[in-house]
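Have a look at the structure below, then the notes.
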Amino acid sequence: MLILSFVYAALLLYLGLSVLYLTVFAVAGRFGGTDDVDPQAIPTVYRKIGVLIPAYKEDAVIIESVQANLRQQYPADRFELIVIADSIQPAVLTQLAQLPIRIIPVSFETSTVSKAINAALAQIPAGQYDVLMVADADNHMAPDFLSRINLAFEQGWQAVQGHRVAKNTNTSVAVLDAISEEISNHLFRQGSRALGLASSIIGSGMAFEPELMRAGMAKLHTMGGYDKELEMNIVMAGRSIGYLADAYIYDEKVASKAVFENQRTRWIAAQWQFLTNYFRPGLRELAAGRMMSGFKLIQAMVLPRVMLLGVLTLLSALSLLATRPFFQLTAPVLLLVFGFSLVISVPNYLWKRLTVRELLLLPMLMLRFARAALNMRKAFRRFMHTPHTGTPDVQLQSNKSV
């Protein structure tokens, strides 16, 4: 019994530290933390921007996305869309070839986003672009997105993350995925910057000085989740990462429970591989007092939010059987504090989308997340692609107010 009490107390300590970490960042995010520049500012130069678009089996969305992303307010001769075409149908490639973009065909025995990007970087001569940006094949950049990126680099930034938001809320799963995305924006981008730390990057809507990106991409180990490794390599090189809260890029959210589970399986595997490869370097960064990179390790050690919510809910129910006040109160208090951190991290426009139907779906997604954790070995052997199918939710974009 004493051993069980010790193990349970250790578990509560870990959960308590996770909740404390998230709550500090949630509160910090309410007090600023963005690096946006006045969009009316006149830049001294319009940098040449290359937009890398990895597209693996993205026949359903790539044409629409390219056409949308060509409609930038940025000078047309100062940016280029670069579609990295992997397993795209010939008919779609023919349509793409008629658009004013660059196409880089690639093929791999086992395809990953990092392989596609590195293959494209190998074909791009040094100095051809002043800024390299990454967008997913389903992403739609806001018309002023590249202008805001250019202004950020005008201020001296060498790495920035834009504000990725949902372009669809057509199902309850998509609504919850959109909320999860915005919570991450608040915690790990806005909250991080408010505390003077580097913003997290998220795989798309991010822009870099080309040589910094090349150096970071050359040191990757994981099958998926290359963005976390790239982020760590950048901050370990002594560079910070800015967050542009007003530079919007719209991303398709998963619309079904099966796709949610598939995507989370890949994410959990990537987080585990990241910890395996960067645990010791991260500890060295912390020991040396380099908090910007050290906190990236701590962030990776925090239990994923859906899992944390499920565990705390389960332990709060079990606390009714406890006899000691410590075990009776700790889990319910942690659940309340964690709930508070989530509530203050959700923007107003998404509260309007949340209904009882989404709340009732949460237990099912928790179970799906648990199953994803148990099946994460699948993602060690192959890249688990997330299919994209939809068009933008125009009403969501026009009514968004963050």
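Looking across Asn233, Asn262, Asn277, one residue alone is among the polar types (S, T, N, Q) and closer than 25 Å to Gly127 by Cβ. It is Asn233. Here is the figure for region 247-272: residues that are more than 30 Å from Ile149 (Cα to Cα) and touching an Asp or Glu at 6+ places or on another chain (Cβ under 9 Å) total 1. In this structure, Phe279 does not satisfy being assigned to a helix (DSSP H, G or I), crowded, with 16+ Cβ neighbours inside 10 Å and either acidic (Asp, Glu) or in contact with a helix residue (DSSP H, G or I) (Cβ under 8 Å, 6 or more places away or on another chain) (or both). Being in contact with an Asp or Glu (Cβ under 7 Å, 6 or more places away or on another chain), in contact (Cβ under 8 Å) with a residue 40 or more places away in the chain, closer than 28 Å to Asp38 by Cβ and of a type outside the set (Phe, Trp, Tyr) is the requirement here; does Gln158 meet it? Here the answer is yes, as Gln158 does meet what is asked.
For region 29-59, the tally of residues that are more than 23 Å from Ser200 (Cβ to Cβ), at pLDDT below 95, loosely packed, with under 15 Cβ neighbours inside 10 Å and out of contact with any strand residue (DSSP E or B) (no Cβ under 8 Å at 6 or more places or on another chain) stands at 6. Does Ser345 satisfy the condition of being of a type outside the set (Val, Ile, Thr), under 20 Å from Ser184 (Cβ atoms), touching a residue at least 12 places away in the same chain (Cβ under 8 Å) and in contact with a His (Cβ under 8 Å, 6 or more places away or on another chain)? Here the answer is yes, as Ser345 does meet what is asked. Among the candidates Asn118, Asn168, the residue that is within 25 Å of Asn233 (Cα to Cα), touching a helix residue (DSSP H, G or I) at 6+ places or on another chain (Cβ under 8 Å) and of a type in the set (S, T, N, Q) is uniquely Asn118. I'd like to know if region 291-312 contains one or more residues that are more than 27 Å from Tyr8 (Cα to Cα), of a type outside the set (Ser, Thr, Tyr) and either surrounded by fewer than 20 Cβ atoms within 10 Å (Cβ to Cβ) or modelled with pLDDT of 90 or more (or both). Yes, because at least one residue in region 291-312 is more than 27 Å from Tyr8 (Cα to Cα), of a type outside the set (Ser, Thr, Tyr) and either surrounded by fewer than 20 Cβ atoms within 10 Å (Cβ to Cβ) or modelled with pLDDT of 90 or more (or both). From the set of residues in region 236-265 that are buried (at least 23 other Cβ atoms within 10 Å of the Cβ) and assigned to a helix (DSSP H, G or I), which is modelled with the highest pLDDT? Among those that are buried (at least 23 other Cβ atoms within 10 Å of the Cβ) and assigned to a helix (DSSP H, G or I), it is Thr265. Screening Asn150, Asn168 for residues that are touching a Lys or Arg at 6+ places or on another chain (Cβ under 7 Å) and in a loop (DSSP other than H, G, I, E, B) leaves exactly one candidate, Asn168. Taken over region 117-167, the criterion of being of a type in the set (Gly, Ala, Ser), surrounded by fewer than 17 Cβ atoms within 10 Å (Cβ to Cβ) and within 23 Å of Ala198 (Cβ to Cβ) is satisfied by Gly156 alone. Only one entry in Ala85, Ala26 is in contact (Cβ under 8 Å) with a residue 24 or more places away in the chain, assigned to a helix (DSSP H, G or I) and surrounded by 13 or more Cβ atoms within 10 Å (Cβ to Cβ), namely Ala26. For region 313-364, the candidate set comprises residues that are more than 24 Å from Phe25 (Cα to Cα) and of a type in the set (S, T, N, Q); within that set, the residue that is surrounded by the fewest Cβ atoms within 10 Å (Cβ to Cβ) is Thr323.
The residues on offer are Ala207, Ala198, and the sole one that is at pLDDT 95 or above, part of a strand (DSSP E or B) and small (Gly, Ala, Ser) is Ala207.
The values are calculated or read from the model by the stated rules, or taken from the named source; none is laboratory data. Predicted model only: the values in this text are computed from it and were never measured. Note: ideal-geometry Cβ built from the backbone for every residue, glycine included; neighbour counts use all protein chains shown.
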